[in-house]
1. Taking the number of other C-beta atoms within 10 Å as the exposure measure, put 211, 428 in order starting with the fewest.
2. Just to confirm the number: angle between the C-alpha axis of helix 93-111 and the first principal axis of the chain, 0 to 90 degrees, nearest 10?
3. May I ask you to derive the relative contact order of the chain, considering only C-alpha pairs under 8 Å and at least 6 residues apart, and to give it as an integer percent?
4. Starting with the fewest neighbours, write out 405, 293 ranked by other beta-carbon atoms found within 10 Å of each beta-carbon.
5. Relative to the longest principal axis of the C-alpha atoms of the chain, give the angle of the C-alpha long axis of helix 192-210, reported between 0 and 90° and rounded to the nearest 10°.
6. I need the fraction of alpha carbon pairs in the chain separated by more than 27 Å, rounded to a whole percent.
7. Hey, what's the Cα Rg ratio for segment 192-289 versus the globular rule of thumb, 2.2 N^0.38 Å?
8. So what's the back-of-envelope 222 nm ellipticity for the chain, counting only DSSP H runs of four-plus at -39500 (n - 2.57) apiece and dividing by all residues, rounded to 500?
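Coordinate-derived values only; no laboratory data. This one's a predicted model, so the numbers in the text were calculated from it and none came from an experiment. Quick reminder, even Gly has a Cβ in these numbers, built from the backbone with ideal geometry, and neighbours come from all protein chains shown.
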């Protein structure tokens, strides 16, 4: 394990995401002892054993003395925690709880349900949460300190070119096929009758809850938000900023157990039930329903796109002009329908970045060819119809400056951040109390300065 890899993982995500698994499986075998101290922070034998077990569970191949590498990673981590105390850096309970709920949602989605998670770890959800809180808090503190150390690092174009010139070519990533795509989007006309029908159905469900039926059971049966329906509609703890405004405005007014009236948002229509409120976060359940479209309404959107397609093919309008005039997607209309990849903030998409319905059409197109109208979904999972056109296809290749400048720029910046960070670590170790147990003093650490 290289310190450079440690640096990247610490900067990207809070440390020890899988600590819970290791604790559960290994706790009965580890007799704990303090094997290191960095400043005021202790490193336990169980910290190293748990991380080693996690890596083995993930199939990581051992390189050299893995325990020594993990121990050095722990010392860097504790150095950051120690610095956080010196700088009076804090994380709010809501930050910890928000990250805690995010990780629990991940675990629950992986294993299927809360009860399955409890059975897997042989612990209650309360105990599972308690196990995670400390490591999450430390991870968030370490992130903040490390981000502060490298926050002013920038790279110049000449540094990017020099990095690209000096790096071995086989160390550059392989970039899959990439697509630049423009779209024209139409929403089916939502009739008032369809909206009225949804409201009536939600009012009936709300009445059933008020008469004693379980909200969670009805969410499983009726909610169109399938990501949360499997959890009885539960969202997990979220702040006001994480929720759309109309939803948040109602959710934050509810008392525990109270069920809202119908709430309309860009996602559709909801009823909401308060589970618990903690400071500036709420955990609620919801049931989402959307208006149903008649075949005639869907046909209207498709027919309109057919007419627009004919204007483009007859050279009356360019695709870009048609998108600016007719597209109902405000995110892409002004840019002539140019789609922006939210994962990279560029106009280039890899296959897995597209919705399946979109890529099924795009894969058969040539550059500048226009698709037939097809049904898709917007970012809120609402039904839309689209025309798409490929502006450019970049075939699979090894990263280069012409096509992938942003990727190489980021690699250059990460390298420079690593150097700045390691300079900080070396300087800080000189002025920080470090004690290493004799059982680890024979380790060949990658960084000098730990042993003195």
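1. Details: 211 7, 428 19.
By the 10 Å Cβ count, ascending, the order reads 211, 428.
2. So the inclination is approximately 70 degrees.
3. 21
4. Details: 405 15, 293 18.
Result, fewest neighbours first: 405, 293.
5. Long axis of 192-210 versus the principal axis of the chain: about 50 degrees.
6. 67
7. Output field value: 0.99.
8. Rounded to the nearest 500, it is -15000 deg cm²/dmol.
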